[in-house]
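Report on the structure given below.
The values are calculated or read from the model by the stated rules, or taken from the named source; none is laboratory data. Keep in mind the model is a prediction, meaning the values are calculated, not measured. Positions of Cβ are backbone-derived with ideal geometry, glycine not excepted, and every protein chain shown enters the neighbour counts.
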There are 2 protein chains.
Amino acid sequence: MGGQKMEKQYLTDDTICAPATTGGAITVIRISGSKAFEVIDKIFKAAYKSADFKKLESHKVVLGYIHDGKKQIDEVLATKFAGKKSYTGEDVVELSCHASPYIVQEVLRILMDNKVRMARPGEFTLRAFMNGKMDLSQAEAVADLVAANSKASHNLAFRQMRGHFSKNIQELRQQLVDFASLIELELDFSEEDVEFASRKKLYDLLKKIKAEVNRLINSFAKGNVLKHGIPVAIIGKPNVGKSTLLNAIFNEEKAIVSEIPGTTRDAIEDTIIIDNIAFRFVDTAGLRESGDEIENIGMKKTMEKVQQAAIVLYLFDASRTSMEEICDTIDDFRKNIDDKDKKLILIANKIDLLQEMPHHFKNLVELETIFVSAKRKENIQMLTDSLLKTAAAGAEEENQTIVTNSRHYEALKNTLEAVKQVKKGLDNNLSGDLLAVDLRTALYHLGSITGEVTNDEILGNIFEKFCIGK
Amino acid sequence: MGGQKMEKQYLTDDTICAPATTGGAITVIRISGSKAFEVIDKIFKAAYKSADFKKLESHKVVLGYIHDGKKQIDEVLATKFAGKKSYTGEDVVELSCHASPYIVQEVLRILMDNKVRMARPGEFTLRAFMNGKMDLSQAEAVADLVAANSKASHNLAFRQMRGHFSKNIQELRQQLVDFASLIELELDFSEEDVEFASRKKLYDLLKKIKAEVNRLINSFAKGNVLKHGIPVAIIGKPNVGKSTLLNAIFNEEKAIVSEIPGTTRDAIEDTIIIDNIAFRFVDTAGLRESGDEIENIGMKKTMEKVQQAAIVLYLFDASRTSMEEICDTIDDFRKNIDDKDKKLILIANKIDLLQEMPHHFKNLVELETIFVSAKRKENIQMLTDSLLKTAAAGAEEENQTIVTNSRHYEALKNTLEAVKQVKKGLDNNLSGDLLAVDLRTALYHLGSITGEVTNDEILGNIFEKFCIGK
């Protein structure tokens, strides 16, 4: 499927190896390429004569030891995957060694000595793509799957890896091809009576294609949320305890602060996983320092934060803030934010400084208000519960295809542009030949998603973000 | 072989699971126990109908996915190891999943839901021991092997895991059994003429046994060096740059500072691996802080350090120290240390402060002297080269059995004690019945090494030091 238009850089037929695991009790070392079996036959000796590696069938495991001709390095399990039935589509061996750094180093050294080369990041998956075992969007999903840290991001990556997304793109592609056939038909019959019917069909199909491409493009915003977490902004005046609150939330939940490789998110974000839901705290630069933020956050900067967020936590100092001040702030928000999907939660901080709960804060302006002491970590769980409740309200079972990858997003936008050109051409009664140019452009951009057309630069960008051994 | 005298705590026949790897591209999850196949059959579906897990033969791998009855969690490879042919001696399945924390958590959750329990540290190896797949000293070697960070420690652990050490202990045990037979013979013939000959044989055998036990006990010091690294002490007056030198050495070599689990070394040691040789810097408390050590190291404390070391680096400030002072120090050493195997290397530090190399330091007292600037990291490699040269001079191909484990060392000392009692009894013409008591004690202690006799406490101590998944 993939790889037909590949350039030389990746068209190597050497044999590669890499550890596919990094710690624990065992280390799995992967070897892939035409020489894999030959090399293993040389450096591996089965524990029992009856279990010769050379005669082993595919998908079989055998116990034995790795040696360098002089001495034994480790007792290992060797698994054989023959040719087309392997992950890469090449001959593959997986060695399961004891996870000692010395052993791993020695086994790799022996492999190098036998002209097996260290794999580049993602090179096993790249080979799987080149050998038609998966298309490019599936390969990209493998990296997403390994990085998945929440239920939502896992579901998305898993569905994409299993080919749901590719199938959708293929269907879209088929519609474009159908359209091209109709164009030809339309041209054939252009002088006859049937013209009108086929022209309507043409327009209907084009509308359908446009709608589907548009839907995919629009799903990207949601895909981003599902993949990277629900964006949350903490805002408030200086010294109300924003950084203390952030730290309290992260401590409370024994935060898994994620760093997803291969994504282009802002560096100043903190992600926390609560009950398998990812929340992404946007623009936390400065907030993660100990002590409070030394910053006079203006309305413009605040609004930028709010713009990026789906949940906004407005923090104020309950011991110093008047009811009027809060009402003014909320009015300001309501004027500036027209997005009804944004959830605003008021956080009354520093309740440890209060003698008693002031009456005027009760049932605050019909907005959800949570009273906390960030410093003493009081009621933080009420806050995280509220985040979870908000997330649950916004969640639906996603069976529609969603775009999560900015490369796909770009390709779809380019596709849409080309489709619009086709429509314009149709409106202007352009000849079939000329329409075909824009149709080809649309097909080209769609094809780049699944890798039917690609080049070294695209591949380089995709696979350099993989981890070694995948 | 093992486990006959086991108590209830470990005699469980439930099914256990744990990840055997912690990071990278894939995660291997191990499941062992009588229900392993039944559970996998329920939660795993093969990708192809022809490859049903239930019908799969042992040592075969099959592609499929893990599900919880409702949704698919991950595409995995499942490997089947049937009963006695597995690592643990029970039915074992290894699942090779994508290494996402979410996936691993979900797969473990589904296993728990099916009454598979999380394994305790080392529990797989414990079961291998209980099912007679290896003896106790081999099981201990598995942990040592995973922790091995140098060529020497790897060789020791690998030989021990492969049963070399056990074989030696078995031979020793056989000699004790032979001795017991002779005792009986001697008693049978005690009233007759043949007495003298058999008595000589008795004494010869006892001497041989004592010598062998003694040799093993004495090998422990060397075993310790091979396992944990060659002990190196850095000594010198205050402010000569000891901590700076230590840091310079560790920076230069991009130190692999090892933390070997399950060893009882002092916490204040730093290990560095240079060319696969481990060097253990003893008593570096305070030295690892930045800046120089604020301490007035007295001769007693210095001598304690020196006592523990095989290589002593005597550091002095080349810009301030007189020849006489150095000669006095060396004389002091020679008086206090009678161990010819200890290597003393003089390090003249702070050469950056010298205008030119002073003549009186050349060919310093016939001792190897290295001129360095720890601060500027000059000539540090000369020093590490010298460490390597010293190590190479002390290394021999080790084919003799060496004791590396303090538990074995204790057991051997107890064995020796019992053997000495036997000899005493023999000298005092004790009856065979009474000699047999001490013989049994000797056999008991030897048997505790390989686990022929053991108890929950010993097992607990050994396996709690393993990592999870092994």
Number of the condition not met by B:Glu186 [criteria: (1) assigned to a helix (DSSP H, G or I); (2) within 14 Å of chain A (Cβ to nearest Cβ); (3) over 21 Å from B:Leu216 (Cα atoms); (4) of a type in the set (D, E, K, R)]: (2)
Hits in segment A:127-156 - residues which are basic (Lys, Arg) and more than 10 Å from every other protein chain (Cβ to nearest Cβ): A:Arg127, A:Lys133
What number of residues within segment A:17-55 are crowded, with 20+ Cβ neighbours inside 10 Å, within 11 Å of chain B (Cβ to nearest Cβ) and not hydroxyl-bearing (Ser, Thr, Tyr)? 9
Could you tell me how many of the residues in segment B:425-470 are buried (at least 20 other Cβ atoms within 10 Å of the Cβ), of a type in the set (Phe, Trp, Tyr) and in a helix (DSSP H, G or I)? 1
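Residues checked against (1) at pLDDT 95 or above; (2) closer than 26 Å to B:Leu245 by Cα:
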residue: B:Ile380; (1), (2): no, yes
residue: B:Leu383; (1), (2): no, yes
residue: B:Leu388; (1), (2): no, yes
residue: B:Ala391; (1), (2): no, yes
residue: B:Gly394; (1), (2): no, yes
residue: B:Thr404; (1), (2): no, no
residue: B:Asn414; (1), (2): yes, no
residue: B:Lys423; (1), (2): no, no
What pairs can you find where one residue is in segment A:42-65 and within 13 Å of A:Thr79 (Cα to Cα), the other is among the β-branched types (Val, Ile, Thr) and not in a strand (DSSP E or B), and their Cβ atoms are less than 7 Å apart, with a gap of 6+ or different chains? A:Phe53/A:Ile40
How many of the residues in segment A:66-83 are touching a Gly at 6+ places or on another chain (Cβ under 9 Å) and of a type outside the set (Asp, Glu)? 4
Matching residues, segment B:83-98, being in contact with an Asp or Glu (Cβ under 7 Å, 6 or more places away or on another chain) and at the interface with chain A (Cβ under 10 Å from one of its Cβ atoms): B:Cys97, B:His98
What is the number of the single condition among (1) of a type outside the set (Phe, Trp, Tyr); (2) within 13 Å of another protein chain (Cβ to nearest Cβ); (3) over 27 Å from B:Cys97 (Cβ atoms) that A:Lys80 does not meet? (3)
Looking only at segment A:46-105, which residues are at pLDDT 95 or above, farther than 15 Å from A:Arg30 by Cβ and of a type in the set (S, T, N, Q)? A:Ser58
Could you tell me which of the residues A:Gln160, A:Gln170 is more than 11 Å from the chain's Cα centre (by Cα), modelled with pLDDT of 90 or more and part of a helix (DSSP H, G or I)? A:Gln170
Hey, could you check segment A:99-114 for residues that are over 13 Å from A:Asp68 (Cα atoms) and of a type in the set (A, V, I, L, M, F, W, C) and say which is nearest to the other protein chains (Cβ to nearest Cβ)? A:Ala99
Of everything in segment A:56-74 that's of a type outside the set (Lys, Arg) and exposed (fewer than 13 other Cβ atoms within 10 Å of the Cβ), which residue is nearest to the other protein chains (Cβ to nearest Cβ)? A:Glu57
Would you point out the residue of segment B:159-170, among those that are touching a helix residue (DSSP H, G or I) at 6+ places or on another chain (Cβ under 9 Å) and more than 14 Å from chain A (Cβ to nearest Cβ), that is farthest from B:Leu226 (Cα to Cα)? B:Gln170
Candidates A:Arg117, A:Arg173, filtered to the one that is touching an Asp or Glu at 6+ places or on another chain (Cβ under 7 Å), more than 11 Å from chain B (Cβ to nearest Cβ) and either touching a residue at least 60 places away in the same chain (Cβ under 8 Å) or buried (at least 23 other Cβ atoms within 10 Å of the Cβ) (or both): A:Arg117
Given the conditions (1) buried (at least 20 other Cβ atoms within 10 Å of the Cβ); (2) of a type outside the set (Val, Ile, Thr); (3) without any contact (Cβ under 8 Å) to a residue 40 or more places away in the chain, and given that A:Ser96 satisfies all but one, which numbered condition is not satisfied? (3)
